[in-house]
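In what follows, a structure is listed as structure tokens, so that the remarks can point back to it.
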Amino acid sequence: MPPSSSRPSSSIALPGEPDKVEVASFALPGVVTVPRHVRARRVRGAIRAEVAALFGGLTAEVVETVPERPDEASRAAARWFMLAEASDRSGRTVRGEVTGTDAYGTTAVLAVEGARRLVADGAPAGTRAPAEAFDPADLLGFLAAAGASWRVEAA
């Protein structure tokens with residue numbers, strides 16, 4: 001069931017935002033993939049609370065009215081941002097951020113580059129999260145050509 005606006009949310013500071021942004025719990029892929037290759041007691045996913053509320057209002061009728069894909073201008077104007085924070089038991093926190101434009105185009109670039117790397121370099125047998133199959137810094141650096149940028153910092 002998608003989150004609704006009545007679920008409790010929290011707020012986080014994001015780059016470029018003057019105030020903290022309200023976020024709500026949301027099932028994201030990292031909740032499943034991160035524990036495959038990183039020892040973690042808990043992994044949570046969250047999205048902006050206003051986006052979570054929109055998902056709560058989706059009906060079959062609304063879905064039928066949504067275009068198959070956004071137009072080129074909308075894709076070029078759209079920005080995406082992903083944040084990962086990790087804290088150890090002592091309270092030390094590390095924060096990683098990745099941002100870019102055109103999530104559809106970036107996803108295509110990532111899929112093709114991933115396939116190319118698997119053919120050229122191979123990877124251990126079995127199902128792997130991208131960070132297990134490829135060097136994360138190298139792959140994120142490659143995405144710079146698609147307009148993505150990233151950083152990791154200790155808080």
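The values are calculated or read from the model by the stated rules, or taken from the named source; none is laboratory data. Nothing here was measured: the structure is a model prediction, and the numbers come from that model. Neighbour counts run over all protein chains shown; Cβ positions are idealised from the backbone, glycine included. To get the accessible areas, we keep the full protein, side chains included, count just its heavy atoms, and leave off ligands, DNA and RNA. Shrake-Rupley method; radii C 1.70, N 1.55, O 1.52, S 1.80 Å.
Given the conditions (1) closer than 30 Å to ARG128 by Cα; (2) at pLDDT 90 or above, report the number of the one that VAL21 does not fulfil.
The single condition VAL21 does not satisfy is (1).
Can you name every residue in the stretch 110-155 that is open to solvent by 70 Å² or more (accessible area, probe 1.4 Å) and outside any helix (DSSP H, G or I)?
PRO124, ALA125, THR127, ARG128, ASP135, TRP150, ARG151, VAL152, GLU153, ALA154, ALA155
Is the stretch 97-112 home to any residue that is at pLDDT 90 or above and more than 17 Å from the chain's Cα centre (by Cα)? Before you say what the answer is, go through the steps one by one.
At the first step, the residues of the stretch 97-112 found to be at pLDDT 90 or above are 97-112.
Cutting the leftovers down to more than 17 Å from the chain's Cα centre (by Cα) gives us 112.
Within the stretch 97-112 (the criterion being at pLDDT 90 or above and more than 17 Å from the chain's Cα centre (by Cα)), the answer is yes, since at least one residue qualifies.
Going by the conditions given, is SER149 more than 24 Å from ALA27 (Cβ to Cβ) and within 14 Å of the chain's Cα centre (by Cα)? Write out each step before concluding.
Working: more than 24 Å from ALA27 (Cβ to Cβ): yes; within 14 Å of the chain's Cα centre (by Cα): yes.
Answer is yes for this residue.
Identify all residues within the stretch 67-99 that are touching a strand residue (DSSP E or B) at 6+ places or on another chain (Cβ under 9 Å) and over 30 Å from ARG41 (Cβ atoms); write none if there are none.
ARG75, ALA76, ALA77, ALA78, ARG79, listed by residue number.
Scan the stretch 8-36 residue by residue and report those that are of a type outside the set (Gly, Ala, Ser), open to solvent by less than 60 Å² (accessible area, probe 1.4 Å) and assigned to a loop (DSSP other than H, G, I, E, B). Step through it out loud before you land on a result.
So in the stretch 8-36, the residues of a type outside the set (Gly, Ala, Ser) come out as 8, 12, 14-15, 17-23, 26, 28-29, 31-36.
Next, only the ones that are open to solvent by less than 60 Å² (accessible area, probe 1.4 Å) stay: 12, 14, 21, 23, 26, 31, 33-34.
Within the stretch 8-36, LEU14, PHE26 meet the criteria.
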